[in-house]
Amino acid sequence: MRATAERVAGGHSLEAAPAAERAAALVLLPIGGTALFYALPGKLQHEPWLQFLPQLLAYFALITWSFRNTGVVERLGLKIDRFPEGVHWGLVTGLLLGAVNTLVILRLIPWLGQDIAFLKDTPHAKVPAALMVPWTIALIAVFVELNFRGFVLGRLLALGRNTLGARADRFAPAAAVMTSALVFAFDPFLVATFQHLHWIAVWDGLAWGTIWVRLRNLYATIIAHAVEVIVMYLVVRATLT
């Protein structure tokens, strides 16, 4: 058991969170809600309240799950002693992904013949820059990472352990990271807002999810998310205006 607990690089274990977790299956609510959204008729998929329904289901599931378990802060990866480590990895990852994704949006996507001018009309673009940077972006990063990494990814791992025991350690982390990344990238509001650019969220989700699994540190993914979006927002906004 001890050898298994020390398996993950960086000194943090896949068994770091308390072992006996209840109600991990609640993660199926937002996953199922996302899948069912795309089964709706096209007209209904344009309804804003339906676009937000999977996220609302996720927060409902998160709140319900939190009342059924102890050690919630640790399970989510929010122990305060992890904050310095989170700042380090978050800044490095955010700056790297921000630079790469900015080049993809401004160079690769137009070269492929796809439009990016619609970014000037997104809800994010209509918010004053002084309000977006850093306040709104940071707030969005907190809620998104709490949902997709802290809750969805973490509960998928727990569900695998609860179902398969130690055998889940072989494939559950990769499967959970991929599943959470796809659920994130296909979030209905994200797809409606960023259209064909929503595919960028797949590799973002893979990067952030891998960091969370290795470090069990939600501060790292929150900061990485916020820094990346700030870089992209400032450069893309300056380029398109």
- Among the residues of region 114-122, is there at least one that is out of contact with any His (no Cβ under 7 Å at 6 or more places or on another chain) and surrounded by 18 or more Cβ atoms within 10 Å (Cβ to Cβ)? yes
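Here's the yes/no breakdown for (1) free of Cβ contacts under 8 Å to residues at least 60 places away in the same chain; (2) more than 22 Å from the chain's Cα centre (by Cα); (3) closer than 22 Å to LEU182 by Cα:
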position	(1), (2), (3)
ALA117	no, yes, no
ASP121	yes, yes, no
LYS126	yes, yes, no
VAL133	no, no, no
THR136	yes, no, no
VAL144	no, no, yes
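Table: residues versus (1) within 21 Å of TRP199 (Cβ to Cβ); (2) surrounded by fewer than 18 Cβ atoms within 10 Å (Cβ to Cβ); (3) over 20 Å from the mean Cα position of the chain (by Cα).
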position	(1), (2), (3)
ARG68	no, yes, yes
GLU74	no, yes, no
LEU78	no, no, no
ASN101	yes, no, no
ILE105	yes, no, no
LEU112	yes, yes, yes
- Task: For LEU56, state whether it is within 20 Å of the chain's Cα centre (by Cα), surrounded by fewer than 16 Cβ atoms within 10 Å (Cβ to Cβ), free of Cβ contacts under 8 Å to residues at least 40 places away in the same chain and over 30 Å from ALA166 (Cα atoms).
- Result: yes
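Values quoted throughout were computed directly from the atomic coordinates according to the rules given, and no laboratory measurement underlies them. A quick note: this is a predicted structure, and the numbers were derived from the prediction, not measured. Cβ atoms come from the backbone with ideal geometry, glycine included; neighbour counts cover every protein chain shown.
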